[in-house]
1. List the GluC sites (Glu not before Pro) within the stretch 177-273 that DSSP assigns to loop and that have no more than 12 neighbouring Cβ atoms inside 10 Å.
2. Near the amide H of residue 55, under 5 Å away, which other amide H atoms are found, from residues 5 or more places off or on another chain, if H is placed in the peptide plane?
3. List the residues, sorted by chain then number, that are 5 or more residues from residue 108 or on another chain and whose placed amide H is less than 5 Å from its amide H.
4. Please say if the stretch 58-126 is rounded, prolate or oblate, where rounded means a/c under 1.5 for a ≥ b ≥ c the square roots of the C-alpha gyration tensor eigenvalues, and otherwise the choice is prolate for a/b larger than b/c and oblate otherwise?
5. Who wins for biggest fluctuation among 20, 105, 69 in a Gaussian network model of the chain, springs between alpha carbons below 10 Å?
6. Once phi is turned into ³J(HN,Hα) by the Karplus curve 6.51 cos²θ - 1.76 cosθ + 1.60 with θ = phi - 60°, what whole-Hz value does each residue of the stretch 254-267 show in order, with x for glycine and proline?
7. Measuring from label point to label point, each 7 Å out along Cα→Cβ, what is the residue 14 to residue 26 span in nm?
8. Explain nothing, just the number: relative contact order of the chain, from Cα pairs under 8 Å at least 6 residues apart, as a whole percent.
Amino acid sequence: MNIAPTEFKMFPLSDWNREQIFYWYKQVDFFTIVRAFEPLEISIGMERYSVDKGKMAFIGSGKHYDIIQSVGTKGYIITFTAAFYEKSISDSVLLNSELFFDTFQSVQVTETHGDEADFMKIVNRTKNLVHDVSDLVIHNSIEALLLEGMQHIKFNSSLQNYGAVPIRGIVNAFSILVHKHFKEQTNVQFYADKLHVTPRKLTEMCLTIWGKTAKTTISDIVLKEALRYIKHTDLSISQIAYEMGFTDESNFRHFVKKCTGNIPMSYRQIYAL
């Protein structure tokens with residue numbers, strides 16, 4: 001797959017240009033990883049986040065940020081779209097996790113295991129690659145950083161104290177939970193209970209932020225994962241139905257056709273053309 005110009009960027013902090021990066025991506029949401037070799041600050045509106053030397057910062061999609069640094073600050077920035085990175089359910093879980101959508105903060109700052117030399121190995125691995133292997137190498141490099149970040153954070157599993165939490169924080173937490181549990185649970189009540197809100201309130205918040213109900217949000221996530229299986233794996237439709245948590249293949253076929261207008265096999269054939 002030939003990488004589109006705005007799907008992935010890696011560049012040194014010395015080249016940071018806020019106007020340029022948001023021009024690259026225009027209206028497309030993207031994710032950012034900042035690896036600091038020297039201290040810097042990240043600003044989002046009135047919020048300021050300090051990133052010390054040797055740490056990483058993770059910024060989720062839809063956030064307009066700026067990087068405040070002194071002259072000569074060393075480090076790297078990695079930006080990428082969900083369309084580029086997401087190839088599996090585990091990819092979706094990482095991108096929709098608290099690493100990028102923490103309930104209480106806009107930027108997640110974590111420790112790192114390696115030093116500057118270790119990170120530069122990742123930079124060098126992504127250079128001068130032929131297209132048939134570049135996507136996989138870059139994907140694996142990003143994944144390594146995401147998994148390292150996840151090792152250093154603790155998820156607030158109780159999800160308490162939502163009285164002072166912005167609505168977006170709650171719906172992001174809802175998205176995280178759905179990606180983790182959709183194979184077993186597609187009932188809005190299940191997620192509302194975990195978030196300590198009523199199903200009606202959860203739907204109101206989803207409508208406010210995303211313009212769709214909580215039930216539609218669940219269905220959209222299930223459909224996205226189902227289509228990813230259909231497009232990117234060689235599993236039979238029956239196997240995919242099982243992997244997705246459907247009770248039988250016919251229910252799965254009906255779900256996909258209702259959402260896309262095509263049965264799973266037809267969708268796979270269309271995508272293969």
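A short reminder: the numbers here are calculations on the coordinates, not readings from a lab. What you are looking at is a predicted structure, and each value in this text was computed from that prediction instead of being measured. Every residue, glycine among them, receives a Cβ derived from its backbone with ideal geometry; neighbour counts consider all protein chains shown.
1. Of the GluC sites (Glu not before Pro), the ones in loops of the stretch 177-273 whose Cβ has at most 12 other Cβ atoms within 10 Å are 184.
2. Close amide H contacts, sequence-distant or interchain: 36.
3. Close amide H contacts, sequence-distant or interchain: 58.
4. Oblate.
5. Fluctuation is largest for 20.
6. Calculated HN-Hα couplings, in order: 5, 4, 5, 5, 4, 7, 10, x, 10, 6, x, 5, 5, 4 Hz.
7. For residue 14 paired with residue 26, the spin-label model returns 3.2 nm.
8. Once divided by the residue count of the chain, the mean separation gives 15 percent.
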